[in-house]
1. With no solvent and one equal point scatterer per Cα, compute the Debye intensity ratio I(q)/I(0) for the chain at 0.11 Å⁻¹ and report its log10, rounded to two decimals.
2. Could you pull out every residue, at least 5 positions away or on a different chain, whose amide H is within less than 5 Å of the one on Asn49? Hs are placed 1.01 Å off N in the peptide plane, and Pro or chain starts have none.
3. How high is the FRET efficiency between Val166 and Gln71 when r is their beta carbon distance and R₀ equals 30 Å, given to the nearest 0.05?
Amino acid sequence: SLEEGPIVRRKLLFRSSRFEVAPRLGFTLNDAYKRNLLVGVDANYHLTNHFALGISFGYGVLASNTDLLDQVNIEVDPVISNDLRYSTTQMLFDVHVAYVPLFGKISILDSTVLNYDLSLELGFGGALVAGVSDGSPAGTDKLSGFQPAPMLGMGFRIFVTDSIAVNLSLKDYLYSSVDVQEGAATPEGELRNNFVFGLGASFFFPTEVKVS
């Protein structure tokens, strides 16, 4: 009967039973001394229109000074500043479960209709951190290594075609790294939030959208 039937008939299932590959550019946000540009990719298999399993990988290709590091280099005696060592993010990865609680469509200029969705991610992975020094590299090996990291994230997609979407993401990796260390003393890491903002494009396979 009409009363017992689904609210929306022949709904477009943009995610269900589709494989998603998403090349991505990422930027670390809350670094103390070096901000990192990450190049990577996300891969997800959408079990249903709401749930997916996936992996993410990002590799640091460029690091730039933060305002704090520029200020240190200007105001602190070079003999002291050159003796400072700290960690920077070299690589991030995670295996995650994704859930899409919200999806729909928006109209642009009264003629173009775009589908969108909001996703939440929970996973576990790790970070490869590297020791950095503007002076002698002695002791930086103590700041380097692999750190396990649980991950919590969210993402937003806008489909520009049935198989291509533009996506934004924000992920929080919880791992230990060293902000600053003087000389070659044994470093003490601090467990903290490490936020990464991502911008990418998603490509879905098969290219045809399932219809409920």
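1. Taken in order of the listed q values, log10 I(q)/I(0) reads -0.61.
2. Ser16
3. Efficiency at R0 = 30 Å is approximately 0.25.
FYI, it's all coordinate maths here, none of it is from the lab. Note that the structure is a prediction, hence the values are computed from the model and not measured. Here Cβ is always computed from backbone atoms with ideal geometry, including for glycine, and neighbour counts include all displayed protein chains.
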